[in-house]
1. Placing one identical point scatterer on every Cα of the stretch 1-54 and ignoring solvent, what is log10 I(q)/I(0) from the Debye formula at q = 0.17, 0.18, 0.29 Å⁻¹?
2. Can you compute 3J(HN,Hα) from phi for each residue in the stretch 5-13, using the Karplus curve 6.51 cos²θ - 1.76 cosθ + 1.60 with θ = phi - 60°, rounded to whole Hz and x for Gly and Pro?
3. If you line up the Cα atoms of the chain on their principal axes, what length do they span on each, largest first, in Å?
4. Out of the total accessible area of the chain (probe 1.4 Å, heavy atoms of protein only), what percent is carbon and sulfur?
5. Using only Cα atoms and rounding to the nearest 10 degrees, what angle (0 to 90) does helix 73-88 make with the longest principal axis of the chain?
6. Could you tell me the ratio Rg/Rh of the stretch 45-91? Both radii from Cα atoms, Rh via Kirkwood.
7. Might you tell me the accessible area per residue for the chain, computed with a 1.4 Å probe and given in Å²?
Amino acid sequence: MRQCMDADNLHRRLKKIIGQVQAIDRMVDEDVPCEDILAQINAAKSALHGCGKVVLEGHIQHCVRDGIQHGDADKTIADFTLAVERFANMK
């Protein structure tokens with residue numbers, strides 16, 4: 001799986017998200033206004049969505065392409081459909 005995505009980019013993004021979530025946790029203890037906490041939660045969700053796009057793009061460029069060219073095209077399309085459905089359900 002690692003070869004099908006930009007792992008360095010993904011790790012960098014995930015480390016930033018971890019920092020965001022830790023900051024949100026501290027905000028709760030520091031009695032920060034709810035609106036500010038919600039804004040930071042939304043920012044973390046957006047960042048996670050960006051990670052999902054990186055994974056999906058890698059899946060298309062490598063797994064789907066390879067599966068259609070060298071494997072079972074019907075299974076590849078079914079797997080791709082499932083991946084898109086899972087990505088689309090990220091809220």
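1. Calculated log10 I(q)/I(0) at the listed q: -0.56, -0.61, -1.08.
2. So the J values, rounded to whole Hz, are 9, 7, 4, 4, 4, 5, 4, 4, 4.
3. Over the chain, Cα extents along the principal axes are 56, 25, 12 Å.
4. Numbers: 3780 of 6750 Å².
So the carbon and sulfur contribution to the accessible surface is 56 percent.
5. Value to nearest ten degrees: 10.
6. On the way: Rg = 11.5 Å, Rh = 11.1 Å.
For the stretch 45-91, the value is 1.04.
7. Values: 6750 Å² over 91 residues.
The answer is 74 Å² per residue.
The values are calculated or read from the model by the stated rules, or taken from the named source; none is laboratory data. Here the structure is a predicted model, which is why all the values come from computation and not from measurement. These area figures cover heavy atoms from the full protein model, side chains too; ligands, DNA and RNA do not enter into them. Shrake-Rupley method; radii C 1.70, N 1.55, O 1.52, S 1.80 Å.
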